[in-house]
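The values are calculated or read from the model by the stated rules, or taken from the named source; none is laboratory data. Remember, it's a predicted structure, so these values are computed and weren't measured experimentally. Cβ placement follows ideal geometry from the backbone for every residue including glycine, while neighbour counts extend to all protein chains displayed.
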Amino acid sequence: MFPAIIARRGRRTMDLSVVSSFKRLGAGSFATVFVSEGRGAVVVKQVKNPSDTALLQKEHGDLEQLYQAYSSAGKSTFFSLPRPYGYYGDYWSFAQRADIPRTLDLGLPPHAMYVMQRIWPVPNSITERIRNMFFPDRVKEQPFAPFLARLYLGKASARADSQFFCSENYPLDASRLERLGLPTKDIAAGMGQMLALINFQAGKDARDIEFVLCGDPDNPLSSDPTFSCIDFNQMRPHNNDAEAIVSSISANDPYFPRPSSQHWVDFADAYEDGAVAVDPMAADIARSVLAHLRELWK
């Protein structure tokens with residue numbers, strides 16, 4: 001079993017004093033993501049086309065709104081959220097705020113960006129266990145990059161080894177989580193708790209969010225894993241429409257437990273309790289969402 005997993009949620013400010021440069025982590029048609037090298041724990045998401053600047057600014061605003069709801073809840077949820085540090089209309093606005101000398105080239109283009117807390121990969125001690133227990137034999141001795149692990153409580157057991165294997169965003173289904181000794185009941189309840197916060201305190205549909213096992217964002221050298229909810233760029237207001245919430249949940253990867261799962265009650269109870277704490281209308285919507293999901297996933 002793992003030692004007790006205690007989330008550390010102290011207030012943090014953006015500190016780039018130990019950042020030497022940024023490296024590109026990934027890119028799509030909309031934006032490029034950079035991660036700081038050195039010990040400065042920040043991620044930069046930068047728009048590719050300046051014509052999409054308003055969309056990037058809205059995305060940052062949605063993350064700030066969600067983080068405010070998380071903070072108002074005392075940051076007491078099982079899953080933590082990455083802290084947004086700020087939106088900047090161009091690179092030099094960011095450089096001035098972070099006290100970066102103009103003579104220091106961090107390798108970032110000049111476009112609009114926002115900065116948030118970095119979510120660290122799964123600690124090495126845990127990745128070694130995952131590799132030894134679950135990686136196909138043919139790749140166990142091969143080098144692999146640090147990764148986050150997706151938490152798929154909607155899958156009871158792993159599929160047979162695929163011909164094509166990639167450790168990036170490695171999936172941990174319910175069976176694997178239990179074999180690792182991770183607290184699946186707490187994970188299920190935490191998913192319900194976070195979904196309720198997003199749906200009923202932030203007013204968003206939670207489309208395409210991810211639940212991951214990761215390193216401690218406040219102490220990246222820790223060997224203890226922690227749990228985070230990430231990726232909020234697809235969220236939209238649901239306008240108190242239960243079917244809109246159900247649509248976003250059903251379109252996502254299988255993070256949430258199904259009604260036939262032993263973890264469904266933990267998830268559903270936490271989701272309903274989170275809605276009840278907001279107001280009676282939220283509670284009614286939550287019950288409708290759960291009823292729709294029971295019918296959809298029966």
Find all pairs meeting these conditions: Cβ atoms under 6 angstrom apart; at least six residues apart or on different chains; first residue within segment 175-195 and surrounded by fewer than 20 Cβ atoms within 10 Å (Cβ to Cβ); second residue of a type in the set (S, T, N, Q) and at pLDDT below 95. Ser175/Ser157
Kindly evaluate Ser93 against the criterion of being modelled with pLDDT under 90 and in a helix (DSSP H, G or I). yes
Filter segment 39-58 down to the residues that are buried (at least 17 other Cβ atoms within 10 Å of the Cβ) and small (Gly, Ala, Ser) and list them by number. Gly40, Ala41
Single unsatisfied condition, Phe232 versus (1) under 22 Å from the mean Cα position of the chain (by Cα); (2) more than 30 Å from Gln46 (Cα to Cα); (3) assigned to a loop (DSSP other than H, G, I, E, B): (2)
Quick one: in segment 210-232, of everything that is among the aliphatic types (A, V, I, L, M) and at pLDDT below 95, which residue is nearest to Leu153 (Cα to Cα)? Ile230
Just for segment 207-224: of the residues that are surrounded by fewer than 22 Cβ atoms within 10 Å (Cβ to Cβ) and touching a helix residue (DSSP H, G or I) at 6+ places or on another chain (Cβ under 7 Å), which one is farthest from Val289 (Cα to Cα)? Ser223
Inspect all residues belonging to segment 131-138 and state whether any of them is modelled with pLDDT of 85 or more, in contact with a helix residue (DSSP H, G or I) (Cβ under 7 Å, 6 or more places away or on another chain) and within 21 Å of Pro217 (Cβ to Cβ). no
So Asn240 clears everything in (1) crowded, with 17+ Cβ neighbours inside 10 Å; (2) at positive phi; (3) out of contact with any Phe, Trp or Tyr (no Cβ under 9 Å at 6 or more places or on another chain) except one condition, right? Which one? (1)
Considering only residues that are in a loop (DSSP other than H, G, I, E, B), closer than 17 Å to Gly181 by Cβ and aliphatic (A, V, I, L, M), which ones fall in segment 107-141? Val122
Confirm whether Met191 is within 29 Å of Ile126 (Cα to Cα), among the hydrophobic types (A, V, I, L, M, F, W, C) and in contact with a helix residue (DSSP H, G or I) (Cβ under 9 Å, 6 or more places away or on another chain). yes
Which of the residues spanning segment 146-183 are assigned to a loop (DSSP other than H, G, I, E, B), at pLDDT 80 or above and not basic (Lys, Arg)? Pro146, Phe147, Leu148, Leu153, Gly154, Leu180, Gly181, Leu182, Pro183
